[in-house]
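Peer 1: Okay, here's the structure, questions in a sec.
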Amino acid sequence: MGLNPGDKRPAYQQVADNLRRMIVTGELAPGDQLPSISALREEYGISPMTARAAIKELSSAGLVVVRQGQGAFVLEGAAAKTDLTVDDLAELFQQLSSAVETLTQRVAEIEAKLPADQEKSEPQGRKRGR
């Protein structure tokens, strides 16, 4: 996902908000472990201190619990505690719209490469009428 260079929020806040969205959408469910500090470093290009600050932000909000030597885990009911702002929802919508547009372009590129006389068939293992 990465950081948005045009975003005026600090890097730790952007990372915390991205993780918060993952919790709200169910991508990270109660009991799931958050990505490690090193994984966050690689994914966002941030320092270990910035990654720790993002996790601390979520911990302070009561969304995750940090277990020494094990990592950070999503707490039960965390999604209900999260308040998304209109700006958060607008950004999430923009990300989803962009993903759909990218997928639509990829499908069009793949379809363009198919021979014109090739009939489209159903995926194997599926039977008509089901």
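Peer 1: Of all residues in segment 109-130, count the ones that are open to solvent by less than 100 Å² (accessible area, probe 1.4 Å), assigned to a loop (DSSP other than H, G, I, E, B) and at pLDDT 65 or above.
Peer 2: Residues that pass the stated criteria total 2.
Peer 1: Still on this structure: Tell me which residues, restricted to segment 1-37, are in contact with a Phe, Trp or Tyr (Cβ under 9 Å, 6 or more places away or on another chain), of a type outside the set (A, V, I, L, M) and within 17 Å of SER60 (Cβ to Cβ).
Peer 2: As a first pass, look at segment 1-37 and keep what is in contact with a Phe, Trp or Tyr (Cβ under 9 Å, 6 or more places away or on another chain): 1-3, 11, 14-15, 18, 30-34.
Now narrow it down to the ones that are of a type outside the set (A, V, I, L, M): 2, 14, 18, 30-33.
Of everything in segment 1-37, those that are in contact with a Phe, Trp or Tyr (Cβ under 9 Å, 6 or more places away or on another chain), of a type outside the set (A, V, I, L, M) and within 17 Å of SER60 (Cβ to Cβ) turn out to be GLN14, ASN18.
Peer 1: Failed condition for ARG106, given (1) in a helix (DSSP H, G or I); (2) farther than 22 Å from LYS8 by Cβ; (3) modelled with pLDDT under 70, with all others met?
Peer 2: Here ARG106 meets the rest and fails (3).
Peer 1: Tell me the helices (runs of 4 or more DSSP H) entirely within segment 1-68 that contain at least 1 residues that are touching a strand residue (DSSP E or B) at 6+ places or on another chain (Cβ under 6 Å) and either open to solvent by less than 60 Å² (accessible area, probe 1.4 Å) or closer than 18 Å to GLN94 by Cα (or both).
Peer 2: Values: elements: 11-25, 37-44, 48-60.
Qualifying helices (runs of 4 or more DSSP H): 11-25, 48-60.
Peer 1: Pull up segment 69-85, narrow it to residues that are over 12 Å from ARG20 (Cβ atoms) and either surrounded by 13 or more Cβ atoms within 10 Å (Cβ to Cβ) or under 18 Å from the mean Cα position of the chain (by Cα) (or both), then point me to the one that is modelled with the lowest pLDDT. Give the derivation first.
Peer 2: Taking segment 69-85 and keeping what is over 12 Å from ARG20 (Cβ atoms), we get 69-73, 75-77, 80.
Filter again for either surrounded by 13 or more Cβ atoms within 10 Å (Cβ to Cβ) or under 18 Å from the mean Cα position of the chain (by Cα) (or both), leaving 71-73, 75, 80.
Values: GLY71: 94, ALA72: 96, PHE73: 96, LEU75: 92, ALA80: 63.
Applying the filter and picking the extreme gives ALA80.
Peer 1: Still on this model: Considering only residues that are within 17 Å of GLN14 (Cα to Cα) and open to solvent by less than 90 Å² (accessible area, probe 1.4 Å), which ones fall in segment 91-103?
Peer 2: Within segment 91-103, GLU91, LEU92, GLN95 meet the criteria.
The values are calculated or read from the model by the stated rules, or taken from the named source; none is laboratory data. For clarity, every value in this text was computed on a predicted model and none was experimentally measured. No Cβ is skipped: glycine too gets one built from the backbone with ideal geometry, and neighbour counts run over all protein chains shown. With ligands, DNA and RNA removed, areas are computed over all heavy atoms of the protein, side chains included. Shrake-Rupley method; radii C 1.70, N 1.55, O 1.52, S 1.80 Å.
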